[in-house]
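Here's the structure, in structure tokens; my notes come after.
No lab work stands behind these numbers, since they all come straight from the coordinates. These numbers were taken from a predicted model, which means no experiment stands behind them. Quick reminder, even Gly has a Cβ in these numbers, built from the backbone with ideal geometry, and neighbours come from all protein chains shown.
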Amino acid sequence: MSSEKRKIAYIDGKPYEIGPNHTSVLNFVKSYLGEKKVPTLCDDPNLAPYGACRVCSVEVALVKDGPTKVVASCHTPVGENQYIFTNNENLTALRKNIVELVLTDHPMECGTCEVNNNCELQDVANDLGISDHRYNTPKQHKGIPRDTSHDYMRMNLDNCINCGRCVRACDEIQGSFVLTMSGRGFESKITTDNDALFGDSSCVSCGACAHTCPTDAISDVYQSKSVAVDKKVRTTCSYCGVGCNLEASIKDNKVVAISTPKESEVNAGHTCIKGRYAFGFYDHPDRLKTPLIKKNGKFEEASWDEAYDFIKKELNRITKESGPDAVAGISSARCTNEENYVFQKMIRAAIGTNNIDCCARICHSPTAWGMQQTFGTGAATNSTEDIYHADLFMVIGANPTNAHPVTGAKIKQQVMKGKKLIVLDPITTELAKLADYHIKLRPGTNVAVLNMMLHFILKANLYDKDFVRDRTEGFANFIKEIERQDMDHLAKVAGVDKQLVKEAAIAYATAKNSMEFHGLGVTEQEQGSKTVMLIADLAMITGNIGRKGVGVNPLRGQNNVQGAADMGCQPHQGAGYFEVADEKVQNFYTEKYGVVHPTKAGLKIPEMFDGAINKEVKAVWIIGEDIVQTDPNSAHVVQAMNSLELLVVQEIFMSETAKLATVVLPGTTFLEKNGTFTNTERRIQRVNRAVPPLPGTKTDGTIVTDMMQKLGFDQPEYDADQVLAEIADIVPFFKGVTRERLGKMGLQWPVQEDGTDTQILHKETFKLGKGRLKNFDWKESTEIETNKKEYPLILTTSRVLQHYNAATMTRRTSNINIVSEDLLLVHPNDANKRELNTGDIGRLYSGRGEVALKVEVTDKVKEGIVFTTFHFPEHMVNMVTGHGKDEETMCAEYKVSAVEVQKISNQFKTEIKPKENQAEVN
């Protein structure tokens, strides 16, 4: 029993214990007596206490029966032995007077409240018995025109009560500072940063302002609050790996809006443009709604049974002629854990091969492999909540405000509050602009810069000697190898300032808590796995492992890339990361699956492509991956797909890959299915069906299960909860996971049998026992070494905020109105040498292919580097990227491609991108 004294405060005469999260009187009262005990207007639990409106006023006495003082409860700290009075005649009169004054600045016949069942102003007025006000005003508001210029939001400032919540949300949650208050008295109003139309401002469409507005002065175009919806369904976003909680509003079996639930561990009421607004793709007219079989070069509609029977016949023929290893599967990081699990089970148990892989191969396979070599577990060590406990952030090869916007906004907010930031990136990202140390290195030189940082820390004697002694091994050789590194040489090859790197290293080593985040700019390089291991070294030698606010934290690209790997969608490890070549593991799976498990490690995705071209792989089944658009060296991928005897593609739209398929099977979106996703912090969260599958479609798990049954495997009818129970029986770190236990907030694996989850890994020990310190020398990328004379520029790629991956989903929403093409960023010095200007069309070419892109001349990119995105199939940027890959995992080297750029005419754009592979649909 704790010896700590319980602290008590009194609410309306009754004692209540003050808990660690009771930071204010309002918070204290709400936690025990509910939301409505004390009315509020300017307060939002996701914002800092403000105390502007005083509607939340209460009376507080410091001793029993002592004199009371009226205070704003939202920002008054709760204290021991306080006597809090929430309601009496004086408080009621005060609150009524305040609300009446507020109503003088709000149209009494605003029209919104008549249909708005969730209008906070109306709720407060009703609770206080107010239907009018007593004050004469010079004029009833201003008749400001309704602003409809924004793609996703509307601004109707006649309804505004100047509470300031939208301004604070934009500042405190997103950190964009788009909204402000201008004017005085009755002339005061909300304005944008350009003092013009909302749609022309620098708004990033996160929706925080619409979410917090108490009167619909700012609202969503899809406004669930002012529509009598049938139900609201909580689910998990299917875009990036942050894993935001969403609430879908349903009317007549249609999703009419998406917002954020009040309670959310991951996103705390915040979303990005994609999660909140880009959901219209789910019932877009382009959705595939019937199976298709290609006959004589053209797709013909088929029934589900016809499609299944065709696939069964072809698979049986191929496996009979060439064996099961002639078949391969590529799973989807956008599908649920349960769907990924049954798919790898089908490939292994029903077909009999370990030829199964997923997009983790081209995202974070070096992270998983590198962290397994150093820590024993290849996943994020900490929780994103730890951002609030960190003192310094190091972001390597990632642009989180674009690619992981909610996490990026959290980091940005903490940096703006004074915490230190180190960024290693060749691009001046939004976070790089705020960084204390922006190390603008050349792509492919992460190992060089990290060796420099390790060297400077060891030379300054700033390593954590106790941690190194007690929790690591291999230090003697490690320090010897690091100390011999030539700092001048490494600074030169990386193109960085040696002194800046030294200062950053010392800052990382001396901060109380240093927290690292990395993205694909680390993994998608030839030395990707080595980079990850050096990042692990950096954390270990400084003791930044095993507690709050520290750690090594990969930013996962797709929503369930962590889960797809956890479920065994990789050729060398089955569900739970068991090595398939191990005899004990084979026996374990054989017992669980009821059939003899294949013994030979399978093919990785690049090996599948080579195998297809060599006629060793004859059938491939792909779920939800547009490999033709997203994998490197697109011409090679197309050749591989065209070499197959059977290509099955399970998709929601006719993607570039689906156009090459033999059979296309229409799957469903996340809004139409149940299951779970696992986010970047190992949090397993529920996915709840919001609407039924579109007619003619089936959930991806159902399709796979149907096929397993067709192939003669005894797999029960697909039920996500039953599959989750099977996963919990096989995967050790899912042991205590059930749908019920996941609840609203989810659980972070490993989950013990009693349901206890794990926020922080490696607290006392590593899975390996002791952490293993590794050292590696930097070497030039083979891609650059081989091609630098003919192709002197280095291409690196990433995403923009508005689009996701191949933009299959976001291109079918209003996001296309905001960003509609891939742009090529070129440094001014490189542009001058090539006579390029902003707006010109540039020919971007390499030894693999060429594309045409509009040029933007900017110093955001380092000299010698060009940058673009890969969102639009009209451009097919991956025609240019190469065959380079991480040495250990075969992760594609997207971030380092040797290229050249020359100015061309607009007409050439159509000449170099012929519309090949356009399949007709009858």
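Numbers below:
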item	result
3J(HN,Hα) from dihedral phi, the stretch 381-393, Karplus parametrisation 6.51/-1.76/1.60, rounded to Hz, x for glycine, proline	7, 10, 9, 5, 4, 5, 3, 6, 9, 7, 10, 9, 10
A690 long-range amide H proximity, modeled H, under 5 Å	E672, K673
Fewest-first sequence of M453, M346 by Cβ atoms within 10 Å of each Cβ	M346, M453
Between 0 and 90°, nearest 10: helix 498-510 axis offset from the chain longest Cα axis	60 degrees
From the coordinates shown, semi-axes √(5λ) of the Cα gyration tensor in Å corresponds to which of (i) 46, 33, 31; (ii) 58, 42, 34; (iii) 60, 39, 28	(i)
Rounded FRET efficiency, nearest 0.05, which uses the C-beta distance separating R146 from S182 and R0 of 22 Å	0.75
Theoretical gain in end-to-end length, E80 to K744 [0.36 nm per residue, Cα-Cα removed]	235.8 nm
Estimated [θ] at 222 nm from DSSP helical runs (n ≥ 4, -39500 (n - 2.57)) normalised by residues in the chain, nearest 500	-8000 deg cm²/dmol
For the stretch 771-788, Karplus couplings with θ = phi - 60° (6.51, -1.76, 1.60), whole Hz, Gly/Pro x	x, 9, 7, 10, 9, 8, 7, 6, 9, 5, 4, 4, 4, 6, 4, 7, 10, 5
Coordinate range along principal axes, alpha carbons of the stretch 112-283, Å, largest first	51, 38, 28
Separation in nanometres of the label points that stand 7 Å from Cα toward Cβ, at L197 and E579	6.2 nm
Spin-label zone in the stretch 233-276 - amide nitrogen under 14 Å from a point set 7 Å from the Cα of Q759 along the C-beta vector	265-266
Net charge contributed by nearby residues that have their C-beta within less than 11 Å of K770 (K/R +1, D/E -1)	+2
Where labels lie 7 Å past Cα in the beta-carbon direction, separation of H389 and E263 in nm	2.2 nm
Note, ³J(HN,Hα) from phi for the stretch 806-819, Karplus 6.51, -1.76, 1.60, rounded to Hz, x at Gly and Pro	7, 6, 3, 8, 5, 5, 9, 9, 5, 4, 5, 6, 8, 10
Straight-distance crosslink candidates among lysines, where the alpha carbon sits under 23 Å from K7 and sequence neighbours closer than 8 are dropped	K30, K37, K64, K69
Kirkwood Rh (inverse of mean 1/r, distinct Cα pairs), the stretch 8-87, angstrom	12.4 Å
The chain: angle of helix 89-103 to the longest principal axis, Cα-based, in degrees nearest 10	60 degrees
Cα-based Lys proximity count in the stretch 345-467, under 16 Å, for pairs eight or more positions apart or on separate chains	8
Residues K465 and V70, FRET efficiency given R0 of 51 Å [Cβ-Cβ distance, rounded to 0.05]	0.35
Stokes-Einstein D (µm²/s) once Rh is taken as the Kirkwood radius of the stretch 749-806 over alpha-carbon pairs, at 37 °C in 0.692 mPa s	189 µm²/s
Distant-in-sequence amide H partners of Q650 (H built 1.01 Å from N, under 5 Å)	I622, I623, G624, L665
I11 long-range amide H proximity, modeled H, under 5 Å	Y16, I84
Sites D721 and D283 - FRET efficiency at Förster radius 22 Å, r taken between beta-carbons, to 0.05	0.30
Between 0 and 90°, nearest 10: helix 700-710 axis offset from the chain longest Cα axis	40 degrees
Difference of contour (0.36 nm per residue) and Cα-Cα distance, D252 to R317	18.8 nm
Zone of T786's modelled label, taken as backbone nitrogen in the stretch 522-536 under 13 Å from a point 7 Å along Cα→Cβ	526
Difference of contour (0.36 nm per residue) and Cα-Cα distance, N97 to K903	283.4 nm
